[in-house]
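This report concerns only the one structure given below.
The values are calculated or read from the model by the stated rules, or taken from the named source; none is laboratory data. Worth saying up front: this structure is predicted, and the values here are computed from it rather than measured. Virtual Cβ from ideal backbone geometry, glycine too; neighbours counted across all protein chains shown.
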Amino acid sequence: MALPSLTLLGQSLLSGLFIGALYGLLGLGLSLSWGMLRQINLAHFALAFLGAYLTYQLAGAGMDPLATLAVIVPCFFALGVLMHWLFARFSVSTFNSLLVSFGLTVIIEALIQWLWTADFRRMESAYGEARFRIGALYVALPELLTLAMAVALSFATWAALRYTYLGKAMRAIAEDAPIAAAFGINVRALSLLLSGLCAAFAGVAGLCLALSYTLAPGQIYAWLGVVFAAVMLGGLGNPLGPLVAGIVIGASEALTMAFTAPAWAPLVSFSLLIVVLLARPGRV
Amino acid sequence: MRQRALAGFAAAGLTLSAVPFFGLPAFYESFLYLVFHWIVLAVSWNIFSGYSGYFSFGHGAFFGAGMYTTATLATKADVPFLWTLPAAALVAALFGIALGAVAFRVRRLRGELFALLTLAVTFVLATIVLNTPIDGGPGLVLSAVPLPAIGPSPSSTFYLLGLALALATLWIAREVQRSKLGTGLFAIHDDEDVAEVLGVPTYRYKLAAFGLSCGLAGVAGGIQAMFISYVTVGETFSIAVPLYVVLMSVLGGSRHWFGPAVGAAGVTALLYAFTAGDYAVAGRAAVGLILILVILFLPEGIFGQAVRALERRRVSVAPAIDAAELPAPTAAPPAEGKTLLEARGLSKAFRGVQALAGVDLEVRRGEILGLVGPNGSGKSTLINVVSGHFRPDSGRILFEGRDLAALEAHRIARTGLARTYQIPRPFAHLSVLENVALPAMFGRDALPRAEAESEARRWLAFTGLAAKAAALPGELNLHQRKFLELARALASRPGLLLLDEVFSGLTHVEIDDAIRLIRAIRAQGATIVFVEHVIRAVMELTDRIVVLSYGRVIAEGDPRAVMREPDVVAAYLGKPHA
C-alpha cells in the first residue's frame, strides 16, 4: 500500500475536521435533550433535514441562505417547545421518547418526500462555489461556515450553562428536577425553553447540511449512527462533548479513508462507540 | 393445557397449509409469505427484547447474518437451499451469543445503551460484509439456486416454509413465556438486580434468550434471501428491519407471545394496502403516527390491552388457606449456638468512601442478630455484600462452610440466603402471587411452578396478603409492600434471612404486627439478621446486637449492655466535649 502524500493527508485531515464539526453541530441538541431532559430525540435528525429543505426552498426563492435562519430558528424553536409539551403532557419515559420520536421521524420523512419528492436536491448559492487556498490546502466556504457555527454555538451553550442564572437552573433540573422545583425553579418553563433551543440547533445544523450536501429524504438515517457515537463519546449533556468527539471521529474517518478504502470509514465511529459503551458505560 | 394448545397449533398448521392447494393466485401466496416473515421476525425479537426489556435495534444484523449465510453457502459452496437454513440459524445465534457474552458482562449497560450498541453493531457488520469477499459490493444473486418443490409452485413453497417457521416461532415463544426462562426474563424486565438476588441466573438467561431470538431471525433471513433472490448490503442491513420489528411488537403488545404476531400482521397489511394504492409515503406516515398514538394511549399494545381486559373479568378465586396453617420448618430444629455465617476482614470501598473497613462478624444458628449503627456506618453495604449485590474488595464470607465472596448473587440465593430491601422493590408487572412464587422457583428447592404458587399462597396468608394475591404491587400501600418484601424473602425457605429496615416508615400498630411476624418466622427455625433504626424493635427482638460505625464493628453482645457502652453512645450522639 502506497502512503498518501502529505498534501493529501493534510487535505483529508482538514475535511475530517469540517465533517466532524457538522457531527458536533448535529449532536449538540441531541446531547442536551438526552443529558438534561432525559429524552432521546431521534427526530432531531429529521428536524435538521426539514431545516435543510426549508433553506433549500427559501434560497431557491431568492433569499440569502444565511438570512433564512431568521425564519427557521423561530419556527423550529416553536416546534421544539411543542414537542416537549407533548412529551411532558404524556410523561413519556426515556425509552418511549426514542420510540415516539422515531414515529415523528417517519412522519417528517414522509412529509419531506411528499413535498420535495425522493429525488436528490442540491442548493445553488453564492457560498457553494467559494473556496480559499491556504498553502497547499483548499478550504470551501460552506465548510468553514459550518465549523464557525458549530464552535460558536457549542461554546455559547457551554458558557450560558456555566455562567448564567438560567443555565445553572437548567443544570439543576438535569441533576434532580423535583429538588430544583422545590427550590423555586420553574422546571416546566425551562424544559420547554431547552427543548426549543435544541430544535433551533437542529435548524442551524439543517442550514449547514443544505450548504454542503445533496439532500434526499433517505439520508436522514445516514447520519444517525455517527452522530450518536459522537454524542455518547462526548458525554451526555456536555455542550462541548459532541464537537470534540465529532472532530475526533471525523479526523479518524478521514485517515481511514486515506489509508484504506472509503467504504471502511463507518467502522471507525461504530467501533469507537462499541469500545466506549463496553469499557465505560458509566459515561452515558 | 399444553395438549390443547398443541392441538390448536396443529389444526391451524393443517388448515393453513391446505391453502396453496386451492389454486390461490401466486400473488396472495407471496403476500401471506411476507406476513409470516414479519411474524417470525417480530415474535423472535420479542422472545428476548420484549420479555426482558432489553430492546435490541440489531435484529437486522442477525437477520442479515442469516441471509448472507444462506446466500454464500448456496451460491459459493453449492449447499442445497434447505441445508443452509440450519447453518443460517447457527451463524446468527452464535453471533448474537458472542455479542451478548461481551455486552451482558457490563453491568451498567442497560436499556437505551443496549439498543444503541446493537444498532452500532448492525452498521459494523454491514461495513465488514461490504468490504470483504462475503459480498464485496455487487451483491449476491441466488436465481440459479434450485428451490425444492415443497408446494405446487415456487410461491406456494415460500408460503409453506414461512408458515412452518411462523408456527414454530410462535410455539417457541409460547413455551419460553410459560417456562422458568420466561419468568426469569419478565423479572429481569422489572428489576434485574432483585431477580439476580432472588436466584435468577440473569446472565445465562439473557444469553440463552438472545441466542434463540437471533437464531430464529437467522432462519427467516435464510428463507428471505431465497425469496428475493438478490441480496445486497444496503437492503439487508437497513434500519427498516429493527424499526418495523419494534413497532410491530409494541403495537401488538410485547408482554405476550402472541402480541407481536398481531402487530406484524396489522403493519404488513397496512403497508401493503398503501403501496398497492400508490400512497406508500402516506402509508409510512400512518405507521409513524400509529406508533406514536399506541405508545401514548395503549402502552401495553393492542393485544396486551385485550388480554388484560379479559383477565380483569376472570377474577381469580384463591383457595382459602387457614392463616394458622403455617409452613413447616425449613430444616431440623436449629442446633443453637453453632456458627451459621462468618465474615472475616470484609472490606468494600466506593470511590474513596470506605463503606466496610475489615468487618468481622459471626451469626449463630437460630439467633436474631441486630445490626445497628448510625447512618452511613455500612449496615446496608454489609447486607449488599453478603447477598452478592456487591462483591467485597477483600475478605471472606463463610456460610455453612462455603465461601460466598466469590459467588454470583443467584448462586448465593440457592445456598439458602434471602434478603429484603429497605425500600421495597417488587416486580412491578408481576402479580403479588407471581412475585412471591418466583423465589420459590429459583431458590434452594427450585420448585415447579404449581408447587411454588401454592407455597407462595401460604406465605401470603402468613403475612396477611392472601386477599391481594392477584393484585399488582402498585396497588399495595407501603405497609403491605414491606410485607410483600418479607413474603418474597420467606418463600425460598431461607436458612438465613437478612432484613434491611423492615420497620422504617411503619406506624406503631404496624410495627407490633411486624414484630409478631418476625417472632413467628424465628419460631420455625430461621436465623435472622436485621438492620434496624427502630430501637424498640431491636430491644424486643434481638438476642445479640452488633454495632457498626464507619465500616467497623465497634461493639457486640447483649443488646441492653451494648447500647450503654460509651463508644456506642458516642457513635450515635457524638463525643461530649470535656
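General remarks:
- Given (1) more than 14 Å from chain A (Cβ to nearest Cβ); (2) touching a Leu at 6+ places or on another chain (Cβ under 8 Å), number of the condition B:Pro86 does not satisfy: (2)
- When restricted to residues that are surrounded by 18 or more Cβ atoms within 10 Å (Cβ to Cβ) and among the small types (Gly, Ala, Ser), segment A:178-193 contains 2.
- Any hit, segment A:151-168, residues being part of a helix (DSSP H, G or I), within 14 Å of another protein chain (Cβ to nearest Cβ) and in contact (Cβ under 8 Å) with a residue 60 or more places away in the chain: no
- Evaluated against (1) at pLDDT 85 or above; (2) surrounded by fewer than 18 Cβ atoms within 10 Å (Cβ to Cβ); (3) of a type outside the set (A, V, I, L, M, F, W, C), A:Ser212 falls short on exactly one condition, (2).
- A single member of A:Ala48, A:Ala59 is surrounded by 15 or more Cβ atoms within 10 Å (Cβ to Cβ) and closer than 30 Å to A:Ser252 by Cα, and it is A:Ala48.
- Sole residue being touching a strand residue (DSSP E or B) at 6+ places or on another chain (Cβ under 6 Å) and surrounded by 16 or more Cβ atoms within 10 Å (Cβ to Cβ), chosen from B:Leu125, B:Leu119, B:Leu140: B:Leu140
- Residue match in segment B:15-25 (condition: among the aliphatic types (A, V, I, L, M), farther than 13 Å from B:Leu163 by Cα and not in a loop (DSSP other than H, G, I, E, B)): no
- Of all the criteria given as (1) surrounded by fewer than 22 Cβ atoms within 10 Å (Cβ to Cβ); (2) at negative phi; (3) of a type outside the set (Asp, Glu), the one not satisfied by B:Gly23 is (2).
- Residue list for segment B:249-271, restricted to those being in a helix (DSSP H, G or I), crowded, with 22+ Cβ neighbours inside 10 Å and in contact (Cβ under 8 Å) with a residue 60 or more places away in the chain: B:Ser249, B:Gly252, B:Gly259, B:Pro260, B:Ala261, B:Gly263, B:Ala264, B:Val267
- Checklist (1) farther than 30 Å from B:Met441 by Cα; (2) of a type in the set (A, V, I, L, M); (3) buried (at least 22 other Cβ atoms within 10 Å of the Cβ) applied to B:Ala164, failing item: (3)
- Given (1) in contact (Cβ under 8 Å) with a residue 24 or more places away in the chain; (2) touching a Gly at 6+ places or on another chain (Cβ under 9 Å), number of the condition A:Gly103 does not satisfy: (1)
- Looking at A:Leu54, A:Leu25, A:Leu32, just one residue is in a helix (DSSP H, G or I) and surrounded by fewer than 24 Cβ atoms within 10 Å (Cβ to Cβ), and that residue is A:Leu54.
- Among residues of segment B:413-451, those that are more than 18 Å from the chain's Cα centre (by Cα) and either closer than 25 Å to B:Leu340 by Cα or buried (at least 24 other Cβ atoms within 10 Å of the Cβ) (or both), counted: 11
- Failed item in (1) crowded, with 18+ Cβ neighbours inside 10 Å; (2) part of a helix (DSSP H, G or I); (3) not aromatic (Phe, Trp, Tyr), with B:Val200 passing the rest: (2)
- Residue in segment B:125-137 that is closer than 20 Å to B:Pro242 by Cβ, touching an Asp or Glu at 6+ places or on another chain (Cβ under 9 Å) and modelled with pLDDT of 85 or more present: yes
- For segment B:99-137, filtered to residues that are of a type in the set (S, T, N, Q) and facing chain A (nearest Cβ under 7 Å), the residue that is nearest to the chain's Cα centre (by Cα) is B:Thr127.
- Selected residue [free of Cβ contacts under 8 Å to residues at least 12 places away in the same chain and outside any loop (DSSP other than H, G, I, E, B)] from B:Val529, B:Val509: B:Val509
- Hits in segment A:64-91 (condition: within 14 Å of chain B (Cβ to nearest Cβ) and surrounded by fewer than 21 Cβ atoms within 10 Å (Cβ to Cβ)): A:Leu82, A:Trp85, A:Leu86, A:Ala88, A:Arg89, A:Phe90, A:Ser91
- Taken over segment B:138-167, the criterion of being among the small types (Gly, Ala, Ser), over 21 Å from B:Leu73 (Cβ atoms) and either within 14 Å of chain A (Cβ to nearest Cβ) or outside any loop (DSSP other than H, G, I, E, B) (or both) is satisfied by B:Ser155, B:Ser156, B:Ala166.
- Number of positions in segment A:92-131 that are more than 25 Å from A:Arg38 (Cβ to Cβ) and more than 9 Å from every other protein chain (Cβ to nearest Cβ): 17
- Enumerated helices (runs of 4 or more DSSP H) restricted to segment B:397-477, each holding at least 1 residues that are farther than 15 Å from B:Leu496 by Cα and among the basic types (Lys, Arg): B:449-462
- If you check A:Leu161, A:Leu211, A:Leu153 for being on the phi < 0 side of the Ramachandran plot and out of contact with any Pro (no Cβ under 7 Å at 6 or more places or on another chain), only one passes: A:Leu153.
- Hits in segment A:92-112 (condition: surrounded by fewer than 17 Cβ atoms within 10 Å (Cβ to Cβ) and not in a helix (DSSP H, G or I)): A:Ser93
- Sub-6 Å Cβ pairs linking a first residue in segment B:39-59 that is closer than 14 Å to B:Cys214 by Cβ and outside any helix (DSSP H, G or I) to a second residue that is among the hydroxyl-bearing types (Ser, Thr, Tyr) and modelled with pLDDT under 90, at least 6 apart or interchain, are B:Ser56/B:Thr118; B:Phe57/B:Thr118; B:Gly58/B:Thr118; B:Gly58/B:Thr122, ordered by first then second residue.
- Residue within segment A:240-254 that is in contact (Cβ under 8 Å) with a residue 24 or more places away in the chain and more than 17 Å from A:Leu17 (Cα to Cα) present: no
- Restricting segment B:228-248 to residues that are over 26 Å from B:Leu291 (Cβ atoms) and surrounded by 21 or more Cβ atoms within 10 Å (Cβ to Cβ) leaves a set whose member that is farthest from the other protein chains (Cβ to nearest Cβ) is B:Val231.
- Criterion applied to A:Gly218, A:Gly225 was being part of a helix (DSSP H, G or I), touching a Leu at 6+ places or on another chain (Cβ under 7 Å) and within 14 Å of chain B (Cβ to nearest Cβ), and the one residue passing it is A:Gly225.
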